[in-house]
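*Asks:* One structure follows; several queries about it will come next.
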Amino acid sequence: MNVRTTQPPAHLRTPPSIIAAIIAVSAAASAFICWLVYFHAPTDVAGTQLRSLPLVNAILNALSTVALVIGYRFIRARKIPQHRAAMFTAFVFSSIFLVSYLVNFTLHGETHFNRLSAWWPFYWKLLASHIILSILALPMILITFFLSLTGRFPAHRRLARYTWPIWLYVSVTGVIVYWMQSAIH
């Protein structure tokens, strides 16, 4: 009886230390963002510097969304090079967003939503899901990219099935959160 193993060859196995490092970096980044949002005093309380950063962040999220959808369509059409370019583009937009987001929070602190608004019950649930899934998305995106860049395509495909919709949700809800914040203010 010939028994096949389901494990990939040793040269295609992802070292657990790489995954642990990606998760550790993601956890450190999330902890830093939490500190920045909830414990760091804003340096520009008056909001006079770079006041357009929230709009820039929404635009970057929207561009990431577009690139994600295009990347999905390319992979469905089996256009691998175009898929890779679109996903790399989404990654670049999301990375620039993260830097801009950090600068915005460093300067201006947290944006407060009017809790007396009729939209508050919807807003806080949307924001909570956005925050939780963005924390989850960061290591998933990094691991998915690592798997692709190192040629571990079966594992990449398995994880991308979960990464893509979460990343898309976070990008779309980022735009919605901005729109709601700007509409209420």
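The values are calculated or read from the model by the stated rules, or taken from the named source; none is laboratory data. Predicted, not measured: the structure shown is a model, and the values here were computed from it. Cβ sites come from the backbone with ideal geometry, for glycine too, and all protein chains shown count toward neighbours. Ligands, DNA and RNA are excluded from the accessible area calculation, which covers all protein heavy atoms including side chains. Shrake-Rupley method; radii C 1.70, N 1.55, O 1.52, S 1.80 Å.
*Asks:* Here is a list of conditions, (1) surrounded by fewer than 19 Cβ atoms within 10 Å (Cβ to Cβ); (2) farther than 30 Å from Arg73 by Cβ; (3) not small (Gly, Ala, Ser), and Ile135 meets all of them except one; can you say which number that is?
*Replies:* Among (1) surrounded by fewer than 19 Cβ atoms within 10 Å (Cβ to Cβ); (2) farther than 30 Å from Arg73 by Cβ; (3) not small (Gly, Ala, Ser), Ile135 violates only (2).
*Asks:* Of everything in the range 98-132, what is over 25 Å from Thr43 (Cα atoms), surrounded by fewer than 18 Cβ atoms within 10 Å (Cβ to Cβ) and of a type in the set (Ser, Thr, Tyr)? Give them in sequence order.
*Replies:* Ser117, Ser129
*Asks:* Please enumerate the residues belonging to the range 147-160 that are within 15 Å of the chain's Cα centre (by Cα) and of a type in the set (D, E, K, R).
*Replies:* Selection gives nothing.
*Asks:* Next question. In the range 5-42, which residue that is modelled with pLDDT under 80 and open to solvent by 90 Å² or more (accessible area, probe 1.4 Å) is nearest to Gly109 (Cα to Cα)?
*Replies:* Among those that are modelled with pLDDT under 80 and open to solvent by 90 Å² or more (accessible area, probe 1.4 Å), it is Arg13.
*Asks:* Let me ask another. Please specify each residue of the range 114-167 satisfying the condition of being touching a His at 6+ places or on another chain (Cβ under 9 Å), free of Cβ contacts under 8 Å to residues at least 24 places away in the same chain and more than 19 Å from Ile23 (Cβ to Cβ).
*Replies:* Scanning the range 114-167 gives no hits.
*Asks:* Check whether at least one residue in the range 60-68 is polar (S, T, N, Q), open to solvent by less than 80 Å² (accessible area, probe 1.4 Å) and either outside any helix (DSSP H, G or I) or touching a Lys or Arg at 6+ places or on another chain (Cβ under 7 Å) (or both), and report yes or no.
*Replies:* no
*Asks:* Return the residues of the range 76-91 that are surrounded by fewer than 17 Cβ atoms within 10 Å (Cβ to Cβ) and within 28 Å of Ala183 (Cα to Cα); say none if nothing qualifies.
*Replies:* none
*Asks:* Considering the range 99-113 alone, what residues qualify as being at negative phi and touching a residue at least 12 places away in the same chain (Cβ under 8 Å)?
*Replies:* The initial filter retains those residues of the range 99-113 that are at negative phi, namely 99-108, 110-113.
Ser100, Tyr101, Leu102, Val103, Asn104, Phe105, Thr106, Leu107, His108, Glu110, Thr111, Phe113 - these are the residues of the range 99-113 that are at negative phi and touching a residue at least 12 places away in the same chain (Cβ under 8 Å).
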